[in-house]
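Just below is one structure, and these are the notes that go with it.
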Protein chains: 2
Amino acid sequence: MICNKTSNQVACSACNLRELCMPVGLQSDELERIDGLVSTRRRLRRRETLFHNGEKFSALFAIRSGTFKTRVASEDGRDQVTGFQMAGEILGLDGIVSDQYSCDAVALEDAQVCVIPFDRVETLSREVPALQRHVHQIMSREIVRDHGVMLLLGSMRAEERLAVFLLNLLQRLHARGFSRSEVLLRMSREEIGSYLGLKLETVSRTLSKFMEDGILDVQQRQLRVLDEQALHRMVNS
Amino acid sequence: MICNKTSNQVACSACNLRELCMPVGLQSDELERIDGLVSTRRRLRRRETLFHNGEKFSALFAIRSGTFKTRVASEDGRDQVTGFQMAGEILGLDGIVSDQYSCDAVALEDAQVCVIPFDRVETLSREVPALQRHVHQIMSREIVRDHGVMLLLGSMRAEERLAVFLLNLLQRLHARGFSRSEVLLRMSREEIGSYLGLKLETVSRTLSKFMEDGILDVQQRQLRVLDEQALHRMVNS
DNA sequence: CGGCTGTTTGAGTGTACTCAATGAACGTGG
DNA sequence: CCACGTTCATTGAGTACACTCAAACAGCCG
């Protein structure tokens, strides 16, 4: 009986995320060469951690499905959500520098990831310049994103932070084929608050205010944007 | 008459920053191979910008001397200092992803940088795995650093932020052979405030409070730490 | 010296926080 | 399937920290 771990694998070249994920921008011949990048898949249930702070680094993870949060902890127990990640995005870049992950990655819903051993990334990107370039871009993108979050945390008020957060979330979902105006939030008020540097009560109050103003319709975690322009105006004024 | 741009160049292999900068961890034979990385040097005067947001990306910059700040701007004019960089640190990583720099890098004092054309980095790191690894680590380090700043901005109070800032600054200066307790601040209160998500008055008041408490001695930009343990306690409690 | 930039300090305000109670949704087990 | 406990969300009341506005002061350079 032929049956192995990889029997249900989908090659990068055949993955429906190839326009979004590692293979972005690669030629078809290059695409085939990176099919060997993914060693295995891994399934996670809600609340399971993909890796945690201090764990030995060995691989990056490409999200196939589901949503994650990453968080860092301070010595005295406080923690900070550093991002929410969705299909096609890469987790684990923080682990490269010290050979151990420096944050926790937690699934916010049942999820599946592609395991990409980092030594394969290094080997292959020496041979495939387009992959090398792509890896550099992924890391650079993360740096630019982080700088945007710093701007948000350092200089914006609660309403602006939430507006930026929602617009960003919707834009990324839209890029994945979902509605531009409707979203089922995978994260709690507390997690949103942690990400935005606010307390959960402030997140809740601000959402309520947006509802009063006719900008949003929020029913628990089901959220609909009624006036996207109003959100944009919040950010640019 | 023989006289060219590179006459006063110092090779990476001979640079006194080699324990701190790009060549970190390379073997001597590898070291020689990366001597070609630096195309030129560039001198900057105080307040000069090394690159600015939107400018075409072509090179990374290794700081040889002097201190820089990087800042990002929001659409409505506010800006946020995203970091202060000193000798041996690398500027320009944000430019890789979109082929243009996404922030401004400004010299806080007269400075000198090594210009490292990025295509050379990519070419050479395909041939020298240790360099490839090093580039990945530099980018990963920046990501981890940014996450730390997010933790600071998202969850710490003014006194803690300033304590973290000072400890980090002193630790980096110490690694460069300077005093662990004394520093001439190269940045204004406003710049510190922008970095820490505080107003300049709050920075000033908090420094004054640290003086009253006997933790610091501050005379304008000349700062001396009298009680380093007290600063550490601020952070961990 | 005057003008300028940067810093300090004060007074009053406001935004987001803490503490607290209520209510809604969800999952588990009887 | 319903009852229960638990988690999560909302809303209120009062507070605190950092903000704004303002004035005075120090240091620096031409």
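The values are calculated or read from the model by the stated rules, or taken from the named source; none is laboratory data. Note that this is a predicted model, so its numbers are computed, not measured. So basically every Cβ, Gly included, is an ideal-geometry build from the backbone, and we count neighbours across all protein chains shown. Just the protein is used for accessible areas: all its heavy atoms, side chains included, with ligands, DNA and RNA removed. Shrake-Rupley method; radii C 1.70, N 1.55, O 1.52, S 1.80 Å.
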Looking at (1) of a type in the set (A, V, I, L, M, F, W, C); (2) at pLDDT below 95; (3) within 13 Å of DNA strand D (Cβ to nearest atom), which is the only condition B:V235 fails? (3)
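One line per residue, one yes/no per condition, for (1) more than 7 Å from every other protein chain (Cβ to nearest Cβ); (2) open to solvent by less than 10 Å² (accessible area, probe 1.4 Å):
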residue: A:G77; (1), (2): yes, no
residue: A:Q80; (1), (2): no, yes
residue: A:G88; (1), (2): yes, yes
residue: A:A107; (1), (2): yes, yes
residue: A:A111; (1), (2): yes, yes
residue: A:F118; (1), (2): yes, yes
residue: A:E122; (1), (2): no, no
residue: A:S125; (1), (2): yes, yes
Within region A:189-222, track down each residue that is within 18 Å of A:L173 (Cα to Cα) and within 9 Å of DNA strand D (Cβ to nearest atom). A:I192, A:V218, A:R221
Every listed condition ((1) in contact (Cβ under 8 Å) with a residue 40 or more places away in the chain; (2) more than 12 Å from DNA strand C (Cβ to nearest atom)) holds for A:L153 save (2)
Looking at region A:200-237 only, could you name the residues that are within 14 Å of another protein chain (Cβ to nearest Cβ) and of a type in the set (K, R)? A:R233
Based on this model, can you work out whether A:S65 counts as hydroxyl-bearing (S, T, Y) and open to solvent by 20 Å² or more (accessible area, probe 1.4 Å)? yes
Could you check region A:55-99 and list, in sequence order, the residues that are out of contact with any Pro (no Cβ under 9 Å at 6 or more places or on another chain) and over 24 Å from B:L153 (Cβ atoms)? A:E55, A:K56, A:F57, A:F61, A:A62, A:I63, A:R64, A:S65, A:G66, A:A87, A:G88, A:D99
Would you be able to say whether some residue in region A:23-30 is out of contact with any helix residue (DSSP H, G or I) (no Cβ under 7 Å at 6 or more places or on another chain), open to solvent by 30 Å² or more (accessible area, probe 1.4 Å) and within 16 Å of A:A62 (Cα to Cα)? no
Checking A:E228 against (1) in contact (Cβ under 8 Å) with a residue 60 or more places away in the chain; (2) open to solvent by 40 Å² or more (accessible area, probe 1.4 Å); (3) within 16 Å of DNA strand C (Cβ to nearest atom), the condition it does not meet: (3)
When region B:162-199 is examined, which residues are found to be within 8 Å of DNA strand C (Cβ to nearest atom), assigned to a helix (DSSP H, G or I) and away from every other protein chain (no Cβ under 13 Å)? B:R189
Qualifying residue in region B:40-50 (condition: of a type outside the set (A, V, I, L, M), open to solvent by less than 50 Å² (accessible area, probe 1.4 Å), modelled with pLDDT under 95 and not in a strand (DSSP E or B)): no
Return the total of residues in region A:90-99 being surrounded by fewer than 20 Cβ atoms within 10 Å (Cβ to Cβ) and out of contact with any helix residue (DSSP H, G or I) (no Cβ under 7 Å at 6 or more places or on another chain). 2
Of the criteria (1) of a type in the set (A, V, I, L, M, F, W, C); (2) within 9 Å of DNA strand C (Cβ to nearest atom); (3) open to solvent by less than 50 Å² (accessible area, probe 1.4 Å), which one A:F210 fails: (2)
